[in-house]
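The values are calculated or read from the model by the stated rules, or taken from the named source; none is laboratory data. Quantities reported herein were computed from a predicted structural model and do not represent experimental measurements. With ideal geometry, Cβ positions are generated from the backbone for all residues, glycine too; neighbour counts draw on all protein chains shown.
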Amino acid sequence: MRVLIIEDDTQTARFLSDGLRECGHTCDVFNTGTEGLAAGLAGGYDVIVIDRMLPQIDGLSVIRTLRAEGHVTPVLVLSGLAQVDDRVAGLRAGGDDYLTKPFAFSELLARIDALARRGTAPEGEATKLTIADLELDLLARTARRGGTEVPLLPREYRILEYFMRRPGRVVTRTMLLEGVWDYNFDPQTNVIDVHVSRLRQKIDKGFDVPLLHTVRGAGYMLKAPG
Amino acid sequence: MKRPGAIWRTTAVRLAAVYTALFCLGLGLGLGALYFGTIGVIERQRAATLEAEVRALSERFREGGTARLVRAIDARTAPDARGDAVYLLVTPQGRRISGNLTAWPVEAATEGPISFGVSKRDGEQITQREVRALAFNLPRGYRLLVGRDNEELEEFRNRFLSVSLWIALGAVILGLVSGLLLGRRVLGRVARAAEAGEGISAGQFERRVPVSGRDDEFDRLAVSVNGMLDRIEGLMQGMRIATDSISHDVRRPLTRARAELELALRRDPGDAQAAMLRSLSEIDRATGLLGHLLDIARAEAGVQGDSWSTLDLASIADDAVELYQPIAEERGVTLVAETRSARMRGEAQLLAQALTNLLDNALKYAPAADGRVAVDVRPGVDGQVSVSVRDNGPGIPEKQRDAVTERFVRLDAARGGEGSGLGLSLVRAVARLHGGTLAFGDNMPGVVARMTLPTGLPATGSHAK
């Protein structure tokens, strides 16, 4: 995956590019809005990670210009500003995701991964999602494992759908809070773990092969065995 | 604080002085017009009277000659007759026949109106008087002079002048005294406001500008200034909580992380991994605390932004309850919600965060065995909605409840728990951002936390009355 990083803090930029390279991605780093915009306009990237506050041209203007020029490359906005209004502004300018500093690298990685693959697998087309012997009927809103219906509460269904749409990819707790509850904040107690373990009870209990895994220090992953 | 002469510097007194001067000028013009108008009327009346009298007397002369005329003049100049009348009848040679003038005045050479001075004896006093007269030639060379002295006019003039003087004096005194009183009142109220401001500058942040209750311009000013001061005090309180919490709660995990790393550096490398993991979690803890503090500071300083919308507090509460339901069950606490649709304008994320904080808090203190937490949302009266979260935990002693509402940092200590108490600070900040309040009451046993918020929506006809 080719990632364009536009970040003026060289230490953060190095931390990002080193981490992404270790995971096997290719990175280009620019420290100003002008250089970053030029690189973005040249194209060829799968994901752009951009800081909101940049010298010369600010991050949101860079995104707006890219969008105006017809570039659809997914953009992840990094910002020290965490207020809801700032978030709204970031997404309105054409950003696809918003991450507040400081962040865990695993969180960033999971989100970049989700953004990069979004373009390849359009959502909402299928009427059925399948992973191994787990089936999700999007029309009837029911789940079956090994042919047997798994009774799910509405919220559990939505959590499972979120996982099924991201097979084999890390889903963090904050991604679940944002994607399923539409919460942009972390509740004081880690309530997500309890929800996920309940879902796991329902879909994995009594089966030899577990599908819903915990990824240490990052989140969860739903994946077929093998 | 009061300086001598300060009252003359006030706008109100200067205005009063200017208005008094203008009023006096207007009064003077009015009185002048009245004076000259009245004088004119009196003059014309006198001229008409003289003409009428001359006509009447010449009629007598034609009917009965000099004898008849002399009788008439004598009757009119009798001692009991009006004192201001002047008559004189002379022969063609200029000799006096009758009348109360001693000689024909030199000014009255021809026929027509004249005026001349006479000296009049009034007992011992001799006064100079001006006489307006009409000279008339009778047949056969006799000449008649009929006049009126200006005593009446003088009297009018004197009375008018003295009355005018009193009126002007009264107007000036009234204007200045009322101006002075008004100025003193205005100056007093401004001075009290200024004193409040000086007190606040000197550090007495609870001081406010007094409101008289008369609902006038000064009250409006005082109310708006006080509103501003309340806001500033709220912001300062938020700052105080933030700095207190930074110094206690954020420093602690950072101190621990630092100590861990330092120790690991000294010890053998095998421990490094574990130390780094522990440090990381401490740093995450500090980051989380900072995030909460920033949330609070923003909510405290906040205004309505793009992210505000019309929402249903009930569905926000239902979502939060649903989020916490599994954890409640895990802890053996019954979590129930009774929500009725309560529409309002607000910031959904912050309200949801406030509700999860209230739930978090209630679940933390509800007893594990037969704990019970109840959430209810209801549309209230007067354009308000309320959400309350009750638990049956140890509760807060009533004495401490007020203190707790003042400084949320101490709530956890009051309930015998640990933690920063920032969760409730955020709830209060969110309540205030929405123009509402957060209050704690006794649930017997336990605590009921109630957030009351204005809907911010125009009242609908069906709900009114």
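Values for this structure:
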read-out	value
Hey, B:ALA348 touching a residue at least 40 places away in the same chain (Cβ under 8 Å), more than 10 Å from chain A (Cβ to nearest Cβ) and closer than 19 Å to B:PRO379 by Cβ or not	no
Among (1) buried (at least 21 other Cβ atoms within 10 Å of the Cβ); (2) under 24 Å from B:THR287 (Cα atoms), the one test that A:VAL3 misses	(2)
Qualifying strands (runs of 3 or more DSSP E) (wholly inside segment A:143-226; at least 1 residues being surrounded by fewer than 19 Cβ atoms within 10 Å (Cβ to Cβ) and out of contact with any His (no Cβ under 9 Å at 6 or more places or on another chain))	A:148-150, A:212-215
Residues satisfying the stated conditions in segment A:183-207, i.e. more than 10 Å from chain B (Cβ to nearest Cβ) and free of Cβ contacts under 8 Å to residues at least 12 places away in the same chain	A:GLN201, A:ASP204, A:LYS205, A:GLY206
Matching option when the condition is away from every other protein chain (no Cβ under 11 Å) and free of Cβ contacts under 8 Å to residues at least 40 places away in the same chain, among A:GLU178, A:GLU161	A:GLU161
Hits in segment B:180-192 - residues which are touching a helix residue (DSSP H, G or I) at 6+ places or on another chain (Cβ under 7 Å) and modelled with pLDDT of 80 or more	B:ARG189
Hits in segment B:199-223 (condition: free of Cβ contacts under 8 Å to residues at least 24 places away in the same chain and under 24 Å from B:VAL13 (Cα atoms))	B:VAL209, B:PRO210, B:VAL211, B:SER212, B:GLY213, B:ARG214, B:ASP215, B:ASP216, B:GLU217, B:ASP219, B:ARG220
Residue that is assigned to a helix (DSSP H, G or I) and not small (Gly, Ala, Ser), where the choices are B:LEU182, B:LEU145, B:LEU134	B:LEU182
From B:GLY94, B:GLY37, B:GLY64, residue being modelled with pLDDT under 85, part of a helix (DSSP H, G or I) and out of contact with any Asp or Glu (no Cβ under 8 Å at 6 or more places or on another chain)	B:GLY64
B:LEU187 outside any helix (DSSP H, G or I) and farther than 30 Å from B:LEU235 by Cβ	no
Single unsatisfied condition, A:PRO210 versus (1) away from every other protein chain (no Cβ under 14 Å); (2) at pLDDT 90 or above; (3) touching a strand residue (DSSP E or B) at 6+ places or on another chain (Cβ under 7 Å)	(3)
Residues (within 17 Å of the chain's Cα centre (by Cα), closer than 21 Å to B:SER315 by Cα and not aromatic (Phe, Trp, Tyr)) located in segment A:176-226	A:LEU176, A:LEU177, A:GLU178, A:GLY179, A:VAL180, A:ASP182, A:ASN184, A:ASP186, A:ILE192
Members of segment B:161-179 found to be surrounded by 12 or more Cβ atoms within 10 Å (Cβ to Cβ) and either among the polar types (S, T, N, Q) or at pLDDT 90 or above (or both), listed by number	B:SER164, B:SER178
Candidates A:ASP137, A:ASP113, filtered to the one that is of a type outside the set (Phe, Trp, Tyr) and either in contact with a helix residue (DSSP H, G or I) (Cβ under 7 Å, 6 or more places away or on another chain) or touching a residue at least 12 places away in the same chain (Cβ under 8 Å) (or both)	A:ASP113
